[in-house]
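The values are calculated or read from the model by the stated rules, or taken from the named source; none is laboratory data. Keep in mind that what you see is a predicted model, and the values were worked out from it rather than measured. Counting neighbours? That spans all protein chains shown, and the Cβs are built from the backbone with ideal geometry, glycine included. With ligands, DNA and RNA removed, areas are computed over all heavy atoms of the protein, side chains included. Shrake-Rupley method; radii C 1.70, N 1.55, O 1.52, S 1.80 Å.
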Amino acid sequence: MNYRHAFHAGNFADVVKHVVLARVLAYLGRKDAAFRVIDTHAGAGLYDLTGDEARRTGEWEGGIGAVLRAPLAPAIRDLLGPWLDAVRAVNPAAADDEALARDLRHYPGSPLIAQALTRPQDRLLFCETQPGVRAALTESVGRDGRAKVLPTDAWQALHAYLPPRERRGLVLVDPPFEEAGEFHRMAQGLFEAHRRWSTGIFALWYPIKDVRAVDAFRRDIERAGIPKTLSIQFDLRTVRQADTMTGCGMIVVNPPFTLAEELRTILGALAPALSTDGTGRVRVGWLTPER
Ligand SMILES: C[S@@+](CC[C@H](N)C(=O)[O-])C[C@H]1O[C@@H](n2cnc3c(N)ncnc32)[C@H](O)[C@@H]1O
């Protein structure tokens, strides 16, 4: 497996995933009680957008770059606030948002966003199997008594660490989708994890590339009948192209009651900036509603 997220960090798919992550964490932080974040496919944590890999694809320009340049209404900026705070935190040289848009240098991965949006009482668990990536993650997480970086395989983590002691929190599942069977593994992982912890929030990311595989995955999730399962789909354009990721989706089990409406508003506002041809669209709806 040679997937390296550094090529894709900050692209439109990261924007969608990280907006969802940040809104869930902002909601969890409303109550004082501690919660736990388990990031099963953590990646390196911090990405240098001036580095070789990011420059080779330039994908971030159409993602975080486009968002920072977009004329967004104050209400949208407020909803994006927690995520953008995490972006600002890793770009301390940018004096204001204009400078951030002009000189963006670093982009935070999901572990650093989680670190930025959690409190002293919260706990963080990051799994990453690639030794080099894990070393980079350990360095970017730094000395943080709340956080553990582990070499545990994601699918084992869903057995081993659930339910967490806090009984509140989020599991983010964000596989690289480089190997056959990833959709199946993710669905099975969710069913097992939900059996162990039925009240946890689970957020699963997937690419929209092989539409048949996506449909089969969504049907499997629907058939499982897990209550309160929200579906978010974001298409960069309506015309699909074989073997190209033209969109991405997320499944969120037990979402905060505010999430669906927030995402319709935020992603609807971001669609014109992220879309490649002006036909970007957002679909947010229940796969299975509350019982
Ligand atoms: C898409 S990237 C993660 C990006 C990260 N979640 C973010 O949003 O910043 C997927 C990561 O999962 C790692 N990985 C792949 N298979 C894994 C497994 N079975 N268990 C844990 N990590 C895995 C890869 O090395 C890669 O760094």
Show me the three semi-axes of the equivalent ellipsoid for segment 1-134, from the C-alpha gyration tensor (sqrt of 5 times each eigenvalue), largest first, rounded to whole Å.
23, 21, 12
Theoretical ellipticity at 222 nm over the chain - DSSP helices of four or more residues, -39500 (n - 2.57) apiece, nearest 500:
-12500 deg cm²/dmol
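What's the local net charge at Pro227, with K and R +1, D and E -1, over the other residues with C-beta under 10 Å away?
Values: positive: Lys228, Arg291; negative: Glu290.
In short, +1.
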Under the rule of at least 5 residues apart or a separate chain, name every residue whose amide H is placed under 5 Å from the amide H of Gly169.
Arg36, Ile201
Between beta-carbons, use under 13 Å as the cut-off and find the net charge around Gln121, counting Lys and Arg +1, Asp and Glu -1.
+4
Based only on the alpha carbon positions, what is the Kirkwood hydrodynamic radius of the chain, in angstrom?
19.1 Å
Quick check: the distance between the Cα centres of segment 264-291 and segment 215-231, to the nearest angstrom?
18 Å
Count charges around Ala75 for me, please; just the other residues with Cβ under 15 Å from its Cβ, Lys/Arg as +1, Asp/Glu as -1.
0
Return the Cα extents of segment 110-196 along principal axes one, two and three, sorted largest first, each rounded to a whole Å.
36, 32, 19
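Charges at C-beta only: +1 for Lys and Arg, -1 for Asp and Glu. How large is the resulting dipole of segment 89-139 about its Cα centre, in Debye rounded to 20? Display every interim value, and only then the final one.
Numbers: 5 positive and 7 negative charges, 49 e Å.
Computed charge dipole of segment 89-139: roughly 240 debye.
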Please sort 172-178, 128-134 by packing, taking for each peptide the average over its residues of neighbouring beta carbons within 10 angstrom, highest first.
172-178, 128-134
So Asp96 and Arg167, fully extended at 0.36 nm per residue minus their Cα-Cα distance, gain in nm 21.7 nm
Which residues among segment 248-266 fall inside the zone where the amide N is under 12 Å from a point 7 Å beyond the Cα of Ala75, along Cα→Cβ?
262, 265-266
Point-to-point label distance, Asp210-Arg55, nm (Cα→Cβ direction, 7 Å offset):
3.5 nm
Projected onto the charge dipole of segment 5-288 (+1 at Lys/Arg Cβ, -1 at Asp/Glu Cβ, origin at the Cα centre), which of Ala22, Gly65, Ser275 gives the Cα projection farthest towards the positive end?
Ala22
Compute the separation of the alpha-carbon centres of segment 148-193 and segment 1-63 and state it in Å as a whole number.
17 Å
Segments 159-171, 234-246, 5-17 sorted - mean Cβ within 10 Å per residue, highest first
5-17, 159-171, 234-246
What is the calculated FRET efficiency for Val239 to Glu182, with r their C-beta to C-beta distance and R₀ = 30 Å, to the nearest 0.05?
0.75
Return the carbon/sulfur percentage of the accessible area of segment 5-288, one whole number, probe 1.4 Å, all protein chains in place.
50 percent
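Per residue, how large is the accessible surface of segment 5-288? Use a 1.4 angstrom probe and give square angstrom.
Working: 12210 Å² over 284 residues.
Solvent-accessible surface per residue comes out at 43 Å².
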